[in-house]
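The values are calculated or read from the model by the stated rules, or taken from the named source; none is laboratory data. These numbers were taken from a predicted model, which means no experiment stands behind them. Backbone-built Cβ (ideal geometry, glycine too); neighbour counts: all protein chains shown. Protein only, heavy atoms only, side chains kept; ligands, DNA and RNA dropped before computing areas. Shrake-Rupley method; radii C 1.70, N 1.55, O 1.52, S 1.80 Å.
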Amino acid sequence: MFLAEFLLVRTRWDVVARVFEEIVSRFPDLYTLANASEEEIAEALSPLGLRKRVPFLKKAAVYLLEHHRGKIPCDVDELKKVPGLGEYTAAAIAALAFKKDIVPADVNVFRFLSRLTGLPIGHPTKGSIELKALLPLLSPSRGGPTVAALLDFLRTTCRPRKPLCERCRLSEICSFRRNRKRSDET
């Protein structure tokens, strides 16, 4: 999960999926990754165009071996200390790998909340204060979907372009859908 989330930062899942197995076979564990040269890692990641992430990935592997005995921490604050991991990636790893009750919020989650509520999105990747305040309402413990289900919904239904509002179960309460219907009627 750590490697997948690391590779998925600003990279589409279908692009990562095409080469993920090959990368994992070359670097099956953190020890192998930490001991690989940056050139070896860069070669493996070249189909993804992630040259800038190579030093971070190597530093992350070394850090995890030195500070966590090669185990991925489950705590978001500890994950954020790993070189190359930001707020979203740390939250995604904690939620998806360790089933922590948090919602990793990226541009897709903030876009969904903005569409649903009609609140402005604010900063595309950081959201607005109002949208951030709504994140806990999406958590599974509050009746929200699992993180995997939410991400799948955002990928397949509430897409960035041409959202499929007609098949969305939230369309009756969605501000975006209401406004879209009004503009279609005029």
With a 1.4 Å probe and all protein chains left in place, how much of the accessible area of the chain comes from carbon and sulfur atoms, in whole percent? 55
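Can you tell me what percent of all Cα-Cα pairs in segment 78-186 are more than 16 Å apart?
61
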Dividing the helical contributions, -39500 (n - 2.57) per DSSP H run of n ≥ 4, by the residues of the chain yields a 222 nm value, nearest 500 deg cm²/dmol, of -16500 deg cm²/dmol
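Given Cα pairs under 8 Å that are at least 6 residues apart, what percent is the relative contact order of the chain?
So the answer I get is 14 percent.
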So how many Å³ per residue does the convex hull of the Cα atoms of the chain work out to? 125
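Keeping all protein chains in place, calculate the accessible area per residue for the chain (probe 1.4 angstrom), answer in Å².
Roughly 60 Å² per residue, with all protein chains present.
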Prolate/oblate/rounded label for segment 119-162 (Cα gyration tensor, a/c 1.5): oblate
Pairs of Cα atoms farther than 13 Å apart, segment 145-186, %: 57
State the answer as a single residue: which of A61, L45, T146 lies farthest towards the positive end of the charge dipole of segment 7-151, with beta carbon charges of +1 for Lys and Arg and -1 for Asp and Glu, about the Cα centre. T146
Whichever lysines have a C-alpha closer than 30 Å to that of K52, once near sequence neighbours (fewer than 8 apart) are set aside: K71, K80, K81, K99, K100, K126, K132
At each listed q (0.15, 0.20, 0.21, 0.29 Å⁻¹), what is the log10 of I(q)/I(0) that the Debye formula gives for segment 88-143 modelled as equal alpha-carbon point scatterers? -0.40, -0.68, -0.74, -1.16
Sum of side-chain charges, V107 neighbourhood, beta-carbon under 11 Å (Lys, Arg +1; Asp, Glu -1): +2
Rounded to the nearest 0.05, what FRET efficiency do F98 and H123 have when you use their Cβ-Cβ distance and R0 = 22 Å? 0.20
